[in-house]
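Worksheet: one structure, shown below.
What follows is calculated from the coordinates using simple rules that are stated; it is not laboratory data. Small disclaimer: the values here were computed from a predicted structure and weren't measured. For neighbour counting, all protein chains shown are included, and Cβ atoms are generated from backbone atoms with ideal geometry for every residue, glycine included.
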Amino acid sequence: MLRGGEMLEAGDTASDSRRITPPADARTSAHLALVFEADRPLAGGMRVDLEGLDEVLLCRGTTRSCERRDENGRASLFVSAPDSTMSARHARITREGARWVVRDLRSTNGVSVNGRAAVAQPLNAGDVLQVGHTFFLFMGDVLSPACTPALEEAASSTTSHGVATLMPSFARELNALERLASARLSVLILGETGTGKELLARSIHATSQRSGPLVAVNCAAIPGTLVESQLFGHCRGAFSGAVRDEPGFVRSADGGTLFLDEIGDLSRSAQGALLRVLQEGEVVPVGATRAIRVDVRVVAATHRDLAAMAAAGMFRADLLARLDGATVRVPPLRDRRADLGALVATLLPRVAGDRAEKLKFQSQAALAMLMHAWPSNVRGLEHCLARASAIASDVIYLEHLPPAVAGTLDRPTPPEATAQASAPVRDVLVAQLRSHRGNVAAVARTLGKAPVQIQRWMRRFGIDPNEFRNLIDIPER
């Protein structure tokens with residue numbers, strides 16, 4: 001059984017209390033990602049493993065490339081990008097004991113780390129390096145399987161699920177899930193709102209070779225009094241208003257996939273009926289006296305901690321066991337910034353159409369996006385790109401980004417530090433803003449705080465309440 005979160009990148013956290021143990025073939029080494037080229041936003045990203053290297057040289061080239069050279073007992077990696085603002089040999093990253101240090105090689109435009117000029121500076125996990133208009137992420141020590149490629153392009157890492165990642169732990173989960181796509185095994189997708197759980201569910205169905213349709217259901221949006229009749233169908237006359245037989249979502253997905261989003265919001269009585277579907281392969285419509293056979297593959301998703309809910313009696317443990325055939329945890333965007341370039345390359349054509357090929361980013365705008373904590377995750381990034389591309393002509397400038405994203409440069413601290421400091425406060429704040437659709441006064445009343453305190457927290461964590469108001473019409477992918 002695949003367990004989501006078996007391996008964690010530096011800065012990752014587990015949302016439950018289970019002990020996280022690495023696989024036997026895992027190893028730890030520093031990684032460097034070429035995340036984003038501001039002049040070529042559709043180029044995607046690239047990651048290199050620094051194991052066995054003594055230094056990395058960042059250079060200008062005619063194409064993006066990596067070349068290893070072993071000379072005089074030193075192993076060097078030359079990483080080139082077609083960036084005219086880079087010098088021929090712009091910067092060197094050198095292993096010095098247990099640390100890596102970046103040095104400017106008297107370049108024309110200099111080197112910056114997290115938005116600040118640097119001549120010689122030790123690197124920490126999560127540091128963003130700007131070299132010309134090209135941005136790198138020092139990933140620090142990454143736990144990854146022994147089979148992880150030393151060099152990987154985001155485009156080549158795309159699975160049949162349509163999800164590209166340069167994060168070894170996430171890639172491992174996606175690869176394992178890919179092997180299970182054609183099975184009838186239930187899949188549980190965990191992750192914060194906006195991380196792309198529905199996109200993954202649709203991709204699982206597309207590669208499952210099941211002949212029936214994918215039927216997506218938002219469990220949180222169904223009124224409690226109607227959940228059983230909408231899920232399992234009803235017979236004519238079963239209750240007031242039941243003027244005809246209705247098959248319900250489960251039978252509508254017969255032969256295909258039933259995607260149950262926000263499964264943690266399903267009522268206890270509906271949980272019991274769903275358990276029967278999974279155990280017996282049959283459904284009993286409301287008002288019926290006999291069961292009807294169904295062939296349904298269930299993919300469920302939630303941002304809630306179902307294990308904790310089961311322990312507290314809020315979710316049926318036997319249903320959780322049935323849903324947990326294979327579990328994948330989709331990391332929040334703040335924990336997978338190495339994928340930002342790949343995500344931009346995917347989302348920008350979607351929101352800008354044919355104009356995406358012509359768009360470029362001002363370096364300050366690119367830096368702001370890399371430094372932002374993205375509380376609304378991939379959905380927030382999509383909203384940001386849609387807004388910016390609609391306003392900009394050929395170049396997306398800092399002022400074209402949403403204020404919360406542009407304002408990140410006033411707080412030059414890596415998102416990892418922001419996420420780890422007072423994380424419970426941030427999580428509660430985001431949840432309340434989402435619940436109240438960005439209404440600050442309502443959040444203040446719910447939390448028993450003055451509105452000015454909510455405003456302070458939002459500035460501290462780089463959160464814009466407008467993100468939660470404007471995201472209502474953007475479906476989760």
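Numbers for the structure displayed
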| read-out | value |
| --- | --- |
| Alpha-carbon spread of the chain, three principal axes, descending order, Å | 81, 50, 44 |
| Among 230, 442, 168 - extreme Cα towards positive end, dipole of the chain, charges at beta-carbon | 442 |
| Charged-residue dipole, Cβ positions (Lys, Arg, Asp, Glu), the chain about Cα centre, Debye nearest 20 | 680 debye |
| Helix 451-461 axis, angle to the chain major axis (alpha carbon atoms, nearest 10°) | 60 degrees |
| Positive-end residue, the chain charge dipole about Cα centroid, Cβ charges, pick of 341, 403, 241 | 241 |
| Distance between modelled label sites at residue 28 and residue 452, nm, 7 Å Cα→Cβ extension | 4.5 nm |
| In degrees, nearest ten, helix 168-180 long axis to first principal axis of the chain (Cα) | 40 degrees |
| Relative packing of 334-342, 204-212, which averages over residues the other C-beta atoms within 10 Å, highest first | 334-342, 204-212 |
| Stretch gain in nm, segment residue 108-residue 428, where the contour uses 0.36 nm per residue and the Cα spacing is subtracted | 110.7 nm |
| Relative contact order (%) - criterion: Cα under 8 Å, at least six apart; region: the chain | 16 percent |
| Convex hull volume of segment 310-353 per residue (C-alpha atoms, cubic angstrom) | 141 Å³ |
| Estimated dipole of segment 252-374 in Debye, rounded to 20 [Cβ of Lys and Arg +1, of Asp and Glu -1, Cα centre] | 300 debye |
| Table column - 3J(HN,Hα) (Hz), segment 90-104, Karplus curve with 6.51, -1.76, 1.60, x for Gly and Pro | 8, 8, 10, 10, 10, 7, 10, x, 8, 10, 10, 10, 9, 10, 6 |
| Spin-label model distance (nm) - residue 295 vs residue 124, 7 Å beyond Cα toward Cβ | 5.7 nm |
| Sum of -39500 (n - 2.57) over DSSP H runs of 4+, divided by residues of the chain (222 nm, nearest 500) | -8500 deg cm²/dmol |
| The chain: angle of helix 197-206 to the longest principal axis, Cα-based, in degrees nearest 10 | 70 degrees |
| Convex hull volume of segment 26-151 per residue (C-alpha atoms, cubic angstrom) | 108 Å³ |
| Extension gain, residue 176 back to residue 317 (0.36 nm per residue minus Cα-Cα distance, nm) | 48.3 nm |
| Beta bridges per DSSP with both ends in the chain, % antiparallel, nearest 5 | 65 percent |
| Rounded D (µm²/s) - segment 105-250, Kirkwood Rh over Cα pairs, Stokes-Einstein at 10 °C, 1.306 mPa s | 79 µm²/s |
| Residue-wise HN-Hα coupling along segment 69-74, computed from phi with Karplus coefficients 6.51, -1.76, 1.60 (Hz; x: Gly, Pro) | 10, 10, 9, 6, x, 10 |
| Inverse of mean 1/r across different Cα pairs in segment 186-324, Kirkwood, Å | 15.2 Å |
| Table column - 3J(HN,Hα) (Hz), segment 371-379, Karplus curve with 6.51, -1.76, 1.60, x for Gly and Pro | 8, 6, 7, 6, x, 9, 6, 4, 4 |
| Under 5 Å, built H, 5+ apart or other chain: amide partners of residue 288 | 235 |
| Length released on extending from residue 459 to residue 71, taking residue separation times 0.36 nm less the Cα-Cα span | 134.7 nm |
| Amide proton proximity set for residue 396, modelled H, under 5 Å, gap of 5+ | 360, 361, 362 |
| Charge tally in the Cβ shell below 11 Å around residue 182, where Lys, Arg are +1 and Asp, Glu are -1, residue 182 excluded | +3 |
